[in-house]
Amino acid sequence: MLRSALGSPHEFVITYELVPGQGCCGKKVERLLDLAREVKADGRISALSITDNPGGSAALAPAAIGAELLQLGIEPLIHFSLKDKNRSQIVSHLYLYQRLGLRSLLVMGGDFPKPGYYGQARPVFDLDSIQTLQLMRDMETGRHPGCALSLEQPQRRLFKGCVVSPFKATEAEQVWQYAQLLRKAAAGADFIISQLGFELGRFEELITFVRRRGLSQPVLANVFIPSLPVARAMAAGKVPGVLLPPELLARMEQEAAQGRSQVRLERAAAMIVRLRRMGFQGVHLGGNGLSCSDLRTVLDQVEVFDAAAELPDLAVDFPLQGAWTFCRREAGRLEERPIQPGRKPGAVRIRALSHRLMFDQQLLTGRLFAHFCRFCAQGRRRTAALTLLERAVKRLLFSCRMCGDCTLARSAFLCPQAGCPKRLVNGPCGGSRFGFCEVHPDRRCFWVRVYERLDPQTTVSSLAALPPLPPKDWALEKTSFWVNWFTGRLRQGN
Ligand code: SF4
């Protein structure tokens with residue numbers, strides 16, 4: 001079991017990522033299952049993870065392959081991607097996984113959906129990964145009547161993983177990633193898998209961060225073995241959230257020209273040994289087009305390197321030049337760099353003051369505004385007029401979408417409904433590159449802009465300590481937030 005393997009201090013856990021394609025059968029599915037059989041026979045890989053509509057394109061659902069892996073006696077680790085599921089689908093998939101005996105899930109937002117049948121699929125992102133982890137915990141404990149398991153059913157606790165990227169190139173993105181990691185851990189994540197990357201120093205930062213912050217969750221480092229075409233695509237920014245340094249691509253081009261492409265397997269093995277010595281509890285292997293024989297070569301080589309007194313002289317560390325790093329080395333020890341949020345505050349102060357004047361019930365203005373809104377809420381015409389006023393003011397100031405459940409005060413008075421294509425209210429996804437948005441690469445990530453407006457005293461811990469906003473109530477869409485707030489239709493948390 002993945003849970004027990006990761007819980008054992010003596011085991012170094014290896015998982016491998018399977019990527020189902022389109023269609024329910026055929027050669028691709030057969031190849032996956034053949035590989036699974038060989039992996040089972042080899043016995044060194046603890047679990048096979050299965051992607052969920054990877055890259056935002058429709059593919060065979062992971063539960064199908066997962067159920068077959070169970071029959072083969074291999075533990076599946078299901079990628080539980082939230083881009084295509086609303087909260088009902090999330091709950092119903094959790095029931096499905098429990099029913100099928102699929103116990104280990106890797107919870108993630110996922111890549112923005114790609115065009116499919118008659119064009120672009122509607123992006124869902126109804127819950128983010130923090131909210132989903134909380135929902136899963138609530139289901140397990142039966143705390144929420146809307147989603148608790150029926151008491152007649154046996155309570156099966158799922159083994160829940162989360163993802164973090166230590167490979168971000170800018171301060172804002174990296175600080176958010178670590179703050180989000182702390183929030184995911186607090187929301188109930190049982191283990192952590194990193195984004196894939198090629199820089200050892202960043203892996204070291206991650207494991208150091210996890211240890212120093214007292215997180216008890218085991219961490220798997222994501223070791224990806226790209227083919228040359230995939231490396232080219234990654235270097236060109238075609239894979240969301242992945243930064244492949246040009247030096248690595250140049251080396252791979254050279255190796256390919258010399259007919260030595262298989263060096264990539266040796267490089268992965270050397271990296272795995274280094275990550276193990278760094279303190280990771282395991283690695284999550286991935287790579288397109290790898291055969292089981294390739295995987296065996298990597299794992300054999302790991303054993304050889306492990307047994308050797310010295311590691312081979314093989315370049316495995318490819319830092320991204322000019323990128324901001326979370327730590328710096330002082331007297332041989334990694335120390336967190338000071339951070340500088342709030343460098344471009346814009347009109348945040350004046351907006352915060354207006355917000356206070358309108359909503360703080362300790363102030364006369366706040367009480368008057370509350371009375372006014374409650375008065376308007378008593379008649380349909382008055383409500384309509386107030387809604388119109390709110391729409392006009394907030395559209396002008398914030399490009400407001402009238403979601404009726406305003407969270408402006410939690411994102412430095414920038415509107416996530418208008419500014420973030422995934423409409424994330426609790427912080428960024430992992431898809432940004434060099435501070436720019438995964439979905440609109442010509443625009444800066446919304447949450448990078450928020451970071452630039454934060455209070456300069458903000459720290460990773462203070463960001464992490466913000467209670468996550470609960471899921472949006474879609475019944476409030478297009479209604480007046482002012483009315484909703486003062487008539488108690490909203491949770492207190494905005
Ligand atoms: S704005 Fe940032 S958080 Fe939103 S989709 Fe783009 S990269 Fe992700």
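The values are calculated or read from the model by the stated rules, or taken from the named source; none is laboratory data. Computed from a predicted model, the values in this text were never measured in an experiment. Reconstructed Cβ throughout: ideal geometry from the backbone, glycine too, with neighbour counts over all protein chains shown. Quick note on the areas: whole protein, heavy atoms, side chains included, nothing else; ligands and nucleic acids left out. Shrake-Rupley method; radii C 1.70, N 1.55, O 1.52, S 1.80 Å.
Could you tell me whether segment 192-205 includes any residue that is open to solvent by less than 20 Å² (accessible area, probe 1.4 Å) and among the acidic types (Asp, Glu)?
Checked segment 192-205: at least one residue is open to solvent by less than 20 Å² (accessible area, probe 1.4 Å) and among the acidic types (Asp, Glu).
Show the residue pairs meeting these rules: Cβ distance below 7 Å; 6+ apart or different chains; first residue within segment 418-440 and on the phi > 0 side of the Ramachandran plot and at pLDDT 95 or above; second residue more than 8 Å from the ligand (Cβ to nearest atom) and among the small types (Gly, Ala, Ser).
Gly427/Ala179; Phe434/Ala169; Gly435/Ala172
Tell me, please, whether a residue that is in contact with a strand residue (DSSP E or B) (Cβ under 8 Å, 6 or more places away or on another chain) and surrounded by fewer than 17 Cβ atoms within 10 Å (Cβ to Cβ) can be found in segment 443-460.
yes
Could you list, in sequence order, all residues of segment 77-128 that are closer than 23 Å to Arg3 by Cβ, of a type in the set (A, V, I, L, M, F, W, C) and either assigned to a loop (DSSP other than H, G, I, E, B) or outside the structural domain of Cys162 (by TED's automatic domain parsing) (or both)?
Passing the criteria: Leu82, Leu102.
Which count do you get for residues in segment 414-428 that are hydrophobic (A, V, I, L, M, F, W, C) and either within 6 Å of the ligand (Cβ to nearest atom) or in contact with a strand residue (DSSP E or B) (Cβ under 8 Å, 6 or more places away or on another chain) (or both)?
Adding up the residues that qualify gives 2.
What are the residues in segment 98-117 that are in contact with a Ser or Thr (Cβ under 6 Å, 6 or more places away or on another chain), open to solvent by less than 30 Å² (accessible area, probe 1.4 Å) and hydrophobic (A, V, I, L, M, F, W, C), if any?
Of everything in segment 98-117, just one residue is in contact with a Ser or Thr (Cβ under 6 Å, 6 or more places away or on another chain), open to solvent by less than 30 Å² (accessible area, probe 1.4 Å) and hydrophobic (A, V, I, L, M, F, W, C), namely Val107.
When you check Ala384 against the structure, is it within 33 Å of the chain's Cα centre (by Cα) and not assigned by TED's automatic domain parsing to the domain that holds Arg251, yes or no?
no
Are any residues in segment 4-13 open to solvent by less than 20 Å² (accessible area, probe 1.4 Å) and not β-branched (Val, Ile, Thr), and if so, which ones?
Residues satisfying the conditions are Ala5, Leu6.
Which of (1) in contact with a Gly (Cβ under 6 Å, 6 or more places away or on another chain); (2) in contact (Cβ under 8 Å) with a residue 40 or more places away in the chain; (3) not basic (Lys, Arg) is the odd one out, the single condition Asp360 does not satisfy?
(2)
For a quick check of your reading of the model, give me the residue pairs whose first member lies in segment 312-328 and is over 15 Å from Leu200 (Cβ atoms) and not assigned by TED's automatic domain parsing to the domain that holds Arg433, whose second is among the charged types (D, E, K, R) and open to solvent by less than 30 Å² (accessible area, probe 1.4 Å), with beta-carbon atoms closer than 7 Å and at least 6 apart or on different chains.
From residues that are over 15 Å from Leu200 (Cβ atoms) and not assigned by TED's automatic domain parsing to the domain that holds Arg433, the pairs are Trp324/Glu171.
Determine which single condition Leu220 fails, assuming it passes every other condition in (1) surrounded by 22 or more Cβ atoms within 10 Å (Cβ to Cβ); (2) in a helix (DSSP H, G or I).
The one condition Leu220 does not meet is (2).
Considering only residues that are under 18 Å from Phe486 (Cβ atoms) and part of a loop (DSSP other than H, G, I, E, B), which ones fall in segment 400-420?
Within segment 400-420, Cys400, Met402, Cys403, Gly404, Asp405, Cys406, Thr407 meet the criteria.
May I ask you to say which residue of Gly282, Gly287 is in contact with a helix residue (DSSP H, G or I) (Cβ under 8 Å, 6 or more places away or on another chain) and farther than 24 Å from Ser4 by Cα?
Testing whether each residue is in contact with a helix residue (DSSP H, G or I) (Cβ under 8 Å, 6 or more places away or on another chain) and farther than 24 Å from Ser4 by Cα leaves just Gly287.
Determine the pairs where a residue that is closer than 19 Å to Cys429 by Cβ and modelled with pLDDT of 95 or more, located within segment 188-205, has a partner that is aromatic (Phe, Trp, Tyr) and open to solvent by 20 Å² or more (accessible area, probe 1.4 Å) with Cβ atoms under 7 Å apart, the partner being 6 or more residues away or on another chain.
Leu196/Phe224
Take the residues in segment 249-264 that are out of contact with any helix residue (DSSP H, G or I) (no Cβ under 9 Å at 6 or more places or on another chain) and either in a helix (DSSP H, G or I) or touching a residue at least 12 places away in the same chain (Cβ under 8 Å) (or both), then tell me which one is most open to solvent (accessible area, probe 1.4 Å).
Step by step, filter segment 249-264, then rank; the result is Gln254.
Quick one: in segment 394-423, of everything that is basic (Lys, Arg) and within 21 Å of the chain's Cα centre (by Cα), which residue is surrounded by the most Cβ atoms within 10 Å (Cβ to Cβ)?
My answer is Lys422.
The rows are residues; the columns are (1) of a type in the set (Gly, Ala, Ser); (2) open to solvent by less than 10 Å² (accessible area, probe 1.4 Å); (3) part of a loop (DSSP other than H, G, I, E, B).
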residue: Thr15; (1), (2), (3): no, yes, no
residue: Gly21; (1), (2), (3): yes, no, yes
residue: Val29; (1), (2), (3): no, no, no
residue: Leu35; (1), (2), (3): no, no, no
